[in-house]
């Protein structure tokens with residue numbers, strides 16, 4: 001095994017492969033740093049297509065335009081004409097037999113369009129493929145294909161979509177679709193002001209709740225219905241939206257991601273600019289993933305990896321469309337927090353207690369108000385009511401200014417950054433005066449004021465006219481959505497305030513460790529434990545003192561050199577679960593025990609038909625926390641790094657955190673905080689705290705292996721990684737490596 005270089009891949013050949021695979025796509029793009037790839041050959045910066053002329057074209061060609069009554073294309077043509085008039089675009093109808101459509105002269109074919117003067121072509125044809133070449137000759141920049149029957153229908157449709165995608169790549173045109181709709185050409189209200197929401201959906205109907213926010217006074221700027229994403233994909237729109245000054249937040253409904261790295265680069269761009277991204281990602285369950293794949297024909301990544309990748313780059317993942325609209329609306333419009341404390345103000349003690357429970361469960365902090373502040377509030381609130389937080393007013397005052405003074409006093413407390421007032425149902429005039437006071441206070445503070453209007457009717461003037469008429473009050477219909485949105489708002493601002501892009505610091509050239517590792521791998525084979533540990537040692541990961549021996553006498557000599565007590569293990573390329581086969585002997589303290597163990601191990605291996613390269617005589621390491629750490633491949637994102645509680649019960653405990661390289665030390669530490677059993681690292685039942693710093697260092701070294709060896713290794717598993725007491729490091733006691 002040692003000395004093999006078969007199947008190695010140089011960095012230059014990796015780069016050539018990336019370019020050959022078409023990752024550098026043609027079309028109108030804005031290049032940040034061209035050809036900047038990480039050590040694995042993956043891009044570090046996204047090409048951002050300039051989509052200005054897609055959303056605001058100067059001219060639009062409608063291929064297959066119609067004005068014949070009862071024809072589907074007629075309604076579409078009519079909507080496109082109305083949209084073109086609103087955006088100031090000239091329309092060129094194209095139809096082979098009609099002299100005009102809706103009174104506009106018709107071109108018989110794409111060849112008759114004025115070359116270089118059409119920004120966008122809308123294809124109302126069953127098969128868009130033959131038209132692509134004609135559009136390229138006419139120098140059209142963008143096209144939209146509504147036709148279905150592609151990857152969403154199965155293997156034959158997927159092949160047809162690949163032919164379409166290939167034609168688009170060669171043409172230089174950027175294509176939206178196929179299997180998309182008219183959402184990009186909706187009627188957006190232009191009378192609304194303030195930061196806008198930009199919307200991306202793969203299913204047009206799923207974007208309706210967010211689009212309808214305009215009826216509540218919340219501005220929308222764009223809607224990208226990406227469909228099957230044969231060319232333009234979610235990541236393209238995400239990157240471009242993040243750079244538009246009017247966009248305050250991006251809302252997305254995602255069924256499948258076309259390119260995991262492209263999505264992360266787009267999310268990174270949004271994070272750099274502080275633009276929040278809120279997303280529903282279908283596929284949390286097997287049924288959801290299967291349905292999503294059949295709908296869009298794209299791969300749905302393993303959900304725990306998708307979840308971690310989104311969190312890693314600051315994407316707020318929500319489950320429901322109601323959460324999507326509420327969270328996106330708050331993040332788009334609310335200013336940065338001035339404090340992280342939340343105050344609950346209610347007209348009922350029961351409402352306040354319930355809200356406090358739910359807020360705490362949502363991860364929000366409800367600080368107890370100082371005694372001086374409570375005394376101030378008791379000037380206007382009876383002494384028998386609690387004002388420590390939640391603040392129970394017993395009934396908001398309606399006959400004077402006391403109610404406004406209460407609200408102002410709460411907001412004046414420096415520990416409070418958010419005031420949440422749940423109104424479980426309308427109770428005029430009390431609820432009307434409460435809402436009016438809250439709106440007035442919100443207009444005069446830089447802190448966030450949230451009102452939960454719990455009435456199921458929603459037609460009350462206090463709600464429709466007063467609350468929705470205010471751009472400073474965040475209004476919700478459910479307390480749960482309010483609390484989740486506030487938590488997401490706080491988390492987003494914490495995230496972007498400390499954000500450093502991991503792509504800026506990702507390695508671009510192989511390390512010396514990589515050169516050593518090349519000689520240790522056989523393509524398509526599993527390494528023995530001895531070989532796997534040599535690979536770890538090449539990357540500076542500590543392993544026990546050990547020797548590989550092929551005789552009982554050599555085992556005795558090795559034990560004396562390693563130092564008693566020792567562990568003896570069978571080592572072979574095809575051994576995955578040594579403990580279950582009885583191929584591990586622990587706690588050997590004498591030469592006679594070593595000789596006997598050697599005979600037993602070799603006899604078991606012979607009986608089980610297991611080929612050995614020898615017996616490992618290892619240093620015994622006992623005191624520490626057993627962790628599992630490794631690398632595997634996700635079909636969507638590529639190499640991933642996982643850490644969790646280890647040992648023989650790792651599959652039972654299933655307590656692990658995952659990240660997608662590249663990531664920094666902060667994310668390595670965050671992985672540990674996500675573990676349910678993280679308290680074990682702090683020391684429990686008299687045990688000393690574990691060496692967290694050493695564990696973080698090993699995580700980062702495994703990440704380097706994932707970046708450099710991801711094309712060579714399909715699986716790396718260190719189990720257990722024994723994390724010793726603080727200051728003593730971490731030792732990889734066992735390892736499994738499977739080469740690609």
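Between the range 312-333 and the range 500-570, what is the separation of their alpha carbon centroids in Å? So the separation of the two Cα centres works out to 45 Å.
Axis angle, to the nearest 10 degrees, between helix 349-361 and the longest C-alpha principal axis of the chain: 50 degrees. Taking a ≥ b ≥ c as the square roots of the Cα gyration tensor eigenvalues, with a/c under 1.5 meaning rounded and otherwise prolate when a/b beats b/c, else oblate, which class fits the range 336-397? Judged from the Cα gyration tensor, the range 336-397 comes out oblate (a/c at least 1.5, b/c at or above a/b).
If you restrict to DSSP beta bridges whose two residues both lie in the chain, what percentage is antiparallel, to the nearest 5? Mind dumping the intermediate values first?
Values: 47 of 101 bridges.
Here the antiparallel bridges make up roughly 45 percent for the chain.
The order of the peptides 541-552, 458-469, 39-50 by mean Cβ neighbours within 10 Å, most packed first, is 39-50, 541-552, 458-469. Its relative contact order, with pairs defined as Cα atoms under 8 Å and 6+ residues apart, puts the chain at 10 percent. Across the range 188-333, the mean sequence separation of Cα contacts (distance under 8 Å, 6 or more residues apart), normalised by length, yields a relative contact order of 27 percent.
Can you sort 171, 471 so the residue with the fewest Cβ neighbours within 10 Å comes first? Before the final figure, lay out each step's value.
Details: 171 20, 471 15.
Result, fewest neighbours first: 471, 171.
Using the number of other C-beta atoms within 10 angstrom as an exposure proxy, rank 608, 69, 596, 529 with the fewest first. Before the final figure, lay out the partial values.
Values: 608 12, 69 6, 596 15, 529 25.
By the 10 Å Cβ count, ascending: 69, 608, 596, 529.
Principal-axis analysis of the Cα atoms of the chain puts helix 11-20 at an angle of about 40° to the longest axis. Short-range pairs are left out: with C-alpha atoms under 8 Å and at least six residues apart, the relative contact order of the range 367-416 is 41 percent. Kindly express, to the nearest 10 degrees and within the range 0 to 90, the angle between helix 692-709's C-alpha long axis and the longest C-alpha principal axis of the chain. Approximately 80 degrees, to the nearest ten.
Using only the C-alpha atoms of the range 188-333, find the volume of their convex hull and express it per residue in Å³. The partial results should precede the final answer.
On the way: hull volume 13.6 nm³, N = 146.
Per residue, the Cα convex hull of the range 188-333 comes to 93 Å³.
Legend: calculated FRET efficiency, residue 375 to residue 427, from the Cβ-Cβ distance at R0 = 35 Å, rounded to 0.05, equals 0.80.
Computed with the Debye formula from one identical point scatterer per Cα of the range 91-145, without solvent, the log10 of I(q)/I(0) at q = 0.15, 0.26, 0.28 Å⁻¹ comes to -0.38, -1.14, -1.28. Counting beta carbons within 10 Å around each of 606, 269, 433 and listing the fewest first gives the order 606, 433, 269.
Between residue 319 and residue 82, the distance separating the two model label sites (each 7 Å from Cα on the Cα→Cβ line) works out to 3.7 nm. Taking Rh as the Kirkwood radius, which is the inverse of the mean 1/r over Cα pairs, what is the Rg/Rh value for the range 328-475? Radius of gyration relative to Kirkwood radius: 0.93. Taken as Cα centroids, the range 586-651 and the range 342-417 sit 58 Å apart, rounded to the nearest whole angstrom. In terms of its alpha-carbon gyration tensor, the chain comes out oblate; a/c meets the 1.5 threshold, while b/c is at least as large as a/b. With Cα atoms defining each centre, the range 464-482 and the range 665-683 are spaced 37 Å apart in the structure.
Read the figures in this text as sums done on the coordinates, not as results from a lab. Just so it is clear, the model here is predicted, and its values are computed rather than measured. We place every Cβ from the backbone using ideal geometry, glycine too, and count neighbours over all the protein chains shown.
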